[in-house]
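The values are calculated or read from the model by the stated rules, or taken from the named source; none is laboratory data. Not measured: the values here are computed from a predicted model. So basically every Cβ, Gly included, is an ideal-geometry build from the backbone, and we count neighbours across all protein chains shown. Side chains are part of the model used for accessible areas, which takes the heavy atoms of the whole protein and leaves out ligands, DNA and RNA. Shrake-Rupley method; radii C 1.70, N 1.55, O 1.52, S 1.80 Å.
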Amino acid sequence: FLPHLVASMEQVDETYIMVKPDGVQRGLVGEIISRFEKKGFKLTGLKLFQCPKELAEEHYKDLKAKPFFPGLIDYITSGPVVCMAWEGVGVVASARKLIGSTDPLKAEPGTIRGDLAVQTGRNVVHGSDSPENGKREIGLWFKEGELCQWTPAQAPWLRE
Ligand code: IDP
Ligand code: MG
């Protein structure tokens with residue numbers, strides 16, 4: 001039972017990461033992408049996209065009853081977003097840590113929201129909250145043929 005076989009049996013997850021319209025308007029796209037790129041996750045989908053209202057409502061359907069829901073939908077559809085699919089072992093939980101708390105004033109320094117934002121309603125980035133939602137959201141935001149399966153050259157330098 002060799003260690004490298006154990007490692008390769010670990011579950012590879014996918015997460016949906018999105019630079020929200022404020023992140024695009026503020027010129028933070030490259031900065032946000034590079035946080036995930038430098039960490040060592042694999043990018044499998046990327047596009048600039050103007051989100052229709054129906055898609056924003058479907059994406060955030062669990063928050064429909066919240067008082068901030070209409071404002072949230074206006075915010076997400078107010079300009080282009082950058083949609084990303086990222087893959088890796090533990091990527092969902094790790095991406096949430098890199099992103100930081102929902103309220104940027106409570107987010108730790110070093111996290112994207114902790115470093116780059118001040119308000120919950122303008123918190124620059126989205127990340128899926130579970131592997132199931134990662135799959136669901138990638139399915140919502142990307143069409144078949146928009147995702148790429150590839151082997152990064154750095155792969156053997158990231159994992160034993
Ligand atoms: P998350 O993005 O950290 O997963 P959720 O609770 O899932 O946070 O909320 C989704 C998004 O809804 C937040 O990122 C934020 O943009 C918005 N939101 C959440 N709570 C509030 C609020 O109290 N006021 C305004 N917007 C909010
Ligand atoms: Mg959430």
Among residues of the stretch 136-160 being of a type in the set (Phe, Trp, Tyr) and in a helix (DSSP H, G or I), the residue farthest from PHE41 (Cα to Cα) is TRP141
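Sort out for me the helices (runs of 4 or more DSSP H) sitting completely within the stretch 17-135 that have 3 or more residues that are open to solvent by less than 80 Å² (accessible area, probe 1.4 Å) and out of contact with any Ser or Thr (no Cβ under 9 Å at 6 or more places or on another chain).
The qualifying helices (runs of 4 or more DSSP H) are 29-39, 53-59, 69-76, 112-116.
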Pairs returned, first residue in the stretch 32-44 that is closer than 15 Å to VAL12 by Cβ, second residue that is in a loop (DSSP other than H, G, I, E, B) and open to solvent by less than 40 Å² (accessible area, probe 1.4 Å), beta-carbon separation under 8 angstrom, 6 or more apart or interchain, are LYS42/PRO152
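Quick grid of which residues meet (1) farther than 19 Å from ILE32 by Cα; (2) within 14 Å of ligand 2 (Cβ to nearest atom); (3) touching a Pro at 6+ places or on another chain (Cβ under 6 Å):
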position: TRP86; (1), (2), (3): no, no, no
position: ARG96; (1), (2), (3): no, yes, no
position: GLU108; (1), (2), (3): no, no, no
position: GLY145; (1), (2), (3): yes, no, no
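Residues in the stretch 136-147 that are of a type in the set (D, E, K, R) and either surrounded by 14 or more Cβ atoms within 10 Å (Cβ to Cβ) or touching a helix residue (DSSP H, G or I) at 6+ places or on another chain (Cβ under 9 Å) (or both): how many?
First pass over the stretch 136-147, keeping only residues of a type in the set (D, E, K, R): 136-137, 143-144, 146.
Now drop any that are not either surrounded by 14 or more Cβ atoms within 10 Å (Cβ to Cβ) or touching a helix residue (DSSP H, G or I) at 6+ places or on another chain (Cβ under 9 Å) (or both), which leaves 136-137, 146.
Within the stretch 136-147, residues that are of a type in the set (D, E, K, R) and either surrounded by 14 or more Cβ atoms within 10 Å (Cβ to Cβ) or touching a helix residue (DSSP H, G or I) at 6+ places or on another chain (Cβ under 9 Å) (or both) number 3.
Could you please let me know if LYS64 is of a type in the set (Lys, Arg) and without any contact (Cβ under 8 Å) to a residue 12 or more places away in the chain?
The answer is yes for LYS64.
Can SER128 be described as under 29 Å from TRP150 (Cβ atoms) and among the hydroxyl-bearing types (Ser, Thr, Tyr)?
Values: under 29 Å from TRP150 (Cβ atoms): yes; among the hydroxyl-bearing types (Ser, Thr, Tyr): yes.
So SER128 passes the test.
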